[in-house]
Each structure stands twice: as structure tokens, then as C-alpha cells.
Amino acid sequence: MKKSFRDFVQALDDGGELLRVNKPVDMRRASALMSQSDKAVMFENIADYPDWRVAGALITSRARLAIALDCGAGEIAARFEERAARPIDPVIVDDGPCQEVVLQGDDVDLSALPFPIMHLFDGGPYLSGTFVVSKDPEYGRNSGSYRMMYRTPRETGIDLVSPSDMRFYYQRALDQGKPLEIAVAVGVHPYEMLAASYKAPIRTDELSIAGGLHGAPVPLVKCKTVDLEVPADAEFVLEGELLPIGWTADEGPFGEFSQISGDVKWNPVFRVKCITRRRDPIFYQLQMPWENDWLAAPVTEAAGLQALRIASVEPVDIRAPVGSCGYWSLIASIKKRPGEGKNALLALLSVAEVKLAIVTDDDIDIHDPDDLDWAMTFRVQADQDLIVVSGARAKHIDPSVKSWELGKGGLPTTAKLGIDATIPEGVPKQLYRRIRTYAADDVRLEDFL
Ligand SMILES: Cc1cc2nc3c(=O)[nH]c(=O)nc-3n(C[C@H](O)[C@H](O)[C@H](O)COP(=O)(O)O)c2cc1C
């Protein structure tokens with residue numbers, strides 16, 4: 001059955017992974033409090049916003065990501081890959097809880113929503129956990145996640161700098177001098193969030209990918225003021241349009257998913273026409289950058305698994321480390337046949353903006369940094385086991401690509417590094433026999449205490 005954001009919060013609670021805070025909390029302090037919790041947090045009482053509760057830091061560990069995907073911590077990438085490959089189309093329903101309250105005209109007031117201030121240098125309060133739906137007459141429906149900075153009671157910014165399908169849709173509308181209608185659903189299940197950040201081919205409806213992840217269709221309701229549909233079980237929805245002003249409004253700075261305090265960007269403006277919500281809404285404060293990075297990891301890992309399989313290499317395990325924001329590095333262990341260490345690297349480095357790939361044999365635990373260091377120490381000869389590719393596609397927010405040296409609108413490139421930490425061809429496997437303690441299984445220390 002299709003699960004909701006609330007079902008996920010309940011699953012965290014049932015798994016002992018949710019901290020409920022009952023004392024009143026000021027939204028300028030919510031982020032700081034969340035960052036001190038090793039569990040997900042639900043603020044039950046928000047100062048000045050009596051209608052709202054706030055949940056956040058929901059996915060800041062592999063264990064909680066596994067709860068989101070309803071699988072074991074070691075099965076996340078495979079689960080995502082398998083289910084995303086079997087999309088299920090959404091269905092339209094007559095009504096849903098996200099429209100229990102409808103606010104239009106003079107009642108539209110974003111200052112009545114508990115937008116949090118998250119990071120020290122941020123340009124304002126931000127909405128971070130969004131599921132944004134748009135449509136293009138030719139290419140169809142699209143969903144993605146885009147952050148939104150509070151500007152006025154009826155306007156937010158949006159970060160639409162990076163190439164994405166919605167940026168393309170916006171450009172097409174702009175070329176005709178028209179606004180682009182969007183609907184922003186907040187408080188949707190992590191499956192929808194994962195589908196939104198999945199780089200699907202342009203004519204693919206990410207809501208069908210979300211259906212595949214759920215194993216059931218996502219029920220959608222028609223928006224009240226725009227020609228779009230949103231997940232019926234969302235906590236709240238902002239309907240409106242991206243104004244046809246191009247990349248002209250200041251937006252940011254904001255703590256980016258690269259874990260770096262960003263700079264001011266030039267972006268379009270979102271004008272809100274209608275707010276719909278549940279009667280007792282929960283505001284999802286996606287704790288940036290950590291939740292974004294944990295959500296990025298399964299998508300990158302699944303793309304890595306797929307690339308390996310297409311290259312006829314058998315993967316055993318894969319990891320997009322959160323230190324690389326779940327995005328820029330991939331580490332994989334494989335069942336290797338001669339030459340496949342290098343083939344695997346070529347496959348992994350083809351994934352999006354992955355700029356570091358490491359491949360090991362399947363006797364290495366890629367989740368154990370010491371085991372990985374050991375493989376890189378004794379299985380790598382730097383003159384034979386490194387691959388460097390220059391001039392590949394990059395992202396502006398990686399400072400090392402020096403995008404400030406580019407002309408306006410220029411796209412940066414990056415070098416990519418692959419490290420083959422598999423046992424080199426021609427080196428006998430028995431030379432890697434690991435030390436085992438003598439009589440290890442014969443005695444137990446506790447029997448001597
Ligand atoms: C929590 C979260 C926030 C995101 N914020 C932004 C953003 O502000 N701007 C952006 O361009 N991409 C952002 N992304 C990435 C896009 O949602 C992602 O690239 C998406 O795949 C783009 O959709 P597309 O497949 O339609 O191109 C975010 C992803 C997540 C998970």
C-alpha cells in the first residue's frame with residue numbers, strides 16, 4: 001500500500017528513532033536543536049504557529065534511510081534500483097487531506113507558515129523539503145526538489161541555477177514570455193522525495209517512479225488554481241507560478257548540499273496563488289545538508305549498480321559516502337574477473353558528476369574505512385591502478401572547478417579519478433591471507449574474569 005509522510009514518521013517512532021519535543025520551540029532555534037539530536041525530531045509545540053507541528057532530521061543516518069525504504073541497511077541501493085525499474089502510474093482521486101484547508105486571495109500568507117532559519121550565513125528562512133510538480137505541453141509532467149527562500153508573504157525564491165528538466169521547462173515558458181505554473185507539495189513520503197531527485201529521462205513522470213518505489217500508485221488530487229496534480233496525502237501545498245523574469249532575483253546564500261555555505265545566486269521568483277493544507281499540518285523541515293545528502297546516496301548508488309551491470313561487472317556492495325554528499329564518490333566491491341577492476345572504474349565514473357571511484361574485491365568491507373585503507377595500501381600501484389579523465393561534466397558548487405573563471409552562463413568541467421584497489425592481475429591471492437589469532441575460537445575472555 002502507498003505510504004504517507006505520517007506513516008514514515010510513525011515508523012521512525014516505532015523503531016525508537018524519533019524524539020518528540022513538547023516544550024514550545026522558536027523556529028529560529030529548530031535547526032540548532034535538531035542538529036543536537038541523534039534521532040529524528042518532532043516539535044509538537046511551535047511558538048507563534050499554534051496550527052503547526054514541525055518534523056525534521058528524519059533521514060540523517062543509514063538506519064533511518066533503511067526505515068524509509070522499508071529494507072535492511074545493506075539492501076538500500078538494490079531495493080531502489082529494482083523498484084525504480086518497475087514504475088507504476090499515479091491515479092487521480094477526487095479529494096485528499098492536503099486540501100482540507102484552502103487559502104486563496106487575501107488569505108495567502110507565507111508568513112503564517114513556520115519557515116525555519118537553518119544556517120549561519122543564510123539569506124533568509126527556507127523551505128527545504130519540497131516536491132515540486134510542473135508540466136510542459138510537449139514533455140509532460142515533471143517532479144523535482146527545489147529549495148525556496150522566503151521573500152514576501154506571497155513570494156519565495158527558488159534555486160533553478162543547475163540544469164534540470166524544470167529549468168528547461170521554465171526556459172521554454174520564458175522564451176514565450178509566459179510564467180511556468182508549479183505546485184509545491186511538502187510533507188510527502190521519502191519515496192516521493194527519492195523519485196524527485198532521480199534523474200529520469202525527460203519524458204518520464206517521476207510520480208510513476210514513486211509508484212514503483214511504493215509498489216502502488218500514488219493518489220493525486222487536482223490543484224485548485226493551477227493545471228497540475230499533487231500527492232493527495234501531502235501535509236501542505238503551495239500553488240502558483242514562476243514569474244517570467246529569468247534569472248534576475250537575488251537568492252541565497254544557503255547551506256548547500258555540498259556542505260558548503262553558498263553564495264548569492266540569481267534566480268526566478270515563485271508567486272504563490274493558493275495554499276492548501278491539512279487541518280493539523282506537519283511542516284517538514286528537511287535538515288540541510290544532511291538529509292539531502294542521505295537522500296542523494298541511494299540514487300547515486302543505484303545508478304552505480306546499473307552502470308556496473310551494463311558493463312557486465314558483478315557488483316557485491318556499493319556506497320556513495322555522505323562525506324561526498326552522497327553524490328561525488330562511489331566505492332564498490334565486485335566479484336572480479338581479470339581486467340574488471342578497470343572496467344568497473346570506467347562504469348562508475350560515467351555516473352553523473354561522480355569524480356572519485358574506488359573498486360575493491362568482495363573480501364573488503366567497503367563500509368569499514370580501515371579495511372578500505374588496507375586494500376588501497378596493498379592492492380594499488382599508483383602507476384598502474386589509477387585512471388584520470390580530464391574535462392568531464394561538473395557542478396558549479398564544487399569550488400575546485402573554479403567556475404568563477406568561466407564567462408556568464410559557462411558550464412564547468414572536472415577531472416575524474418578512479419582507483420583500482422582490487423588484487424592486481426598476476427599477484428597470487430594467498431599473498432593477501434589475513435592474520436587470524438591463534439586459538440581464537442577455543443577460549444572466551446569472560447570465562448577468565
Ligand atoms: C532535498 C533536495 C533539495 C534539492 N534542491 C535543489 C535545488 O534547490 N535546486 C536544484 O537545481 N536541484 C535541487 N535538488 C536536486 C534536484 O531535485 C534533482 O536534480 C532533480 O533530479 C532534478 O529533476 P529532473 O530529473 O527533473 O532534472 C534537490 C534535491 C533534493 C533531494
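The values are calculated or read from the model by the stated rules, or taken from the named source; none is laboratory data. None of the values given here were measured: they were computed from a predicted structure. Virtual Cβ from ideal backbone geometry, glycine too; neighbours counted across all protein chains shown. These accessible areas exclude ligands, DNA and RNA; they are computed on the full protein's heavy atoms, side chains included. Shrake-Rupley method; radii C 1.70, N 1.55, O 1.52, S 1.80 Å.
Observations, loosely collected:
- Gaussian network model of the chain, Cα within-10 Å springs - most flexible of Asp250, Asp263, Asp94: Asp94
- Positive dipole terminus of the chain, leading residue within Trp404, Tyr432, Gly144 (C-beta point charges): Trp404
- Most mobile of Asp420, Asp383, Asp233 in a GNM of the chain (Cα contacts under 10 Å): Asp383
- Separation of alpha-carbon centers, the stretch 165-181 and the stretch 354-381, rounded to whole Å: 45
- Total formal charge among the other residues, if their Cβ is under 10 angstrom from that of Leu308, Lys/Arg +1 and Asp/Glu -1: -1
- Translational diffusion of the stretch 292-424, µm² s⁻¹ [Kirkwood Rh, Cα pairs; Stokes-Einstein; 37 °C; 0.692 mPa s]: 219
- Selected from Ala55, Ile92, Trp266, residue furthest toward positive end of dipole (the chain; charges at beta carbon): Trp266
- Mean ellipticity per residue at 222 nm, deg cm²/dmol - from DSSP H runs of n ≥ 4 across the chain, formula -39500 (n - 2.57): -7000 deg cm²/dmol
- Straight-line cross-link reach from Lys39 at under 28 Å between alpha-carbon atoms covers these lysines, not counting any fewer than eight positions away in the same chain: Lys2, Lys3, Lys23.
- The stretch 1-67, accessible surface, carbon-and-sulfur percent (1.4 angstrom probe): 47
- With contacts taken as Cα pairs under 8 Å and at least 6 residues apart, the chain reaches a relative contact order of 15 percent.
- Calculated SAXS-style log₁₀ I(q)/I(0) at q = 0.09, 0.16, 0.21 Å⁻¹ - the stretch 199-312, Debye, Cα scatterers: -0.38, -1.22, -1.40
- Highest-MSF residue in the chain out of Gly105, Gly407, Gly391 [GNM, Cα springs under 10 Å]: Gly407
- Sorting 132-138, 299-305 by average packing, meaning the other beta carbons within 10 Å per residue, from highest down gives 299-305, 132-138.
- Test item: Cα-centred dipole of the stretch 292-424, Lys/Arg +1 and Asp/Glu -1 on Cβ, debye: 780
- The stretch 377-449: GluC sites (Glu not before Pro) falling in loop per DSSP and having at most 13 other Cβ within 10 Å: Glu425
- Spacing of the modelled spin labels on Asp371 and Asp109, each 7 Å from Cα toward Cβ, amounts to 5.7 nm.
- Among Val322, Val226, the sequence by solvent-accessible area, most first, with a 1.4 Å probe is Val322, Val226.
- Global geometry of the stretch 89-279, whether rounded, prolate or oblate, following the gyration tensor of its Cα atoms and the 1.5 cut on a/c: rounded
- Neighbourhood net charge (11 Å Cβ-Cβ; Lys/Arg +1, Asp/Glu -1) for Met193: -3
- P(r) of the stretch 361-410 over all Cα-Cα pairs, binned every 10 Å from zero, in whole percent: 19, 29, 28, 18, 6
- Cα-Cα over 23 Å, subset of Lys135/Lys416; Lys199/Lys395; Lys355/Lys429; Lys224/Lys265; Lys135/Lys395; Lys178/Lys199: Lys135/Lys416; Lys355/Lys429; Lys224/Lys265; Lys135/Lys395; Lys178/Lys199
- Pair-distance distribution of the chain: all C-alpha pairs, bin width 20 Å, starting at 0; shares per bin in whole percent are 24, 54, 20, 3, 0.
- Accessible-area composition of the stretch 89-279, carbon plus sulfur, in percent [1.4 Å probe]: 51
- Cross-link reach list, aspartates and glutamates versus Lys402, counting only Cα pairs under 15 Å and skipping chain neighbours closer than eight places: Asp263
- For Lys273, the aspartates and glutamates whose Cα comes closer than 13 Å to its Cα, not counting residues fewer than 8 places off in the same chain, are Asp106, Asp107, Asp109, Glu155, Glu181, Asp227, Glu239, Glu241.
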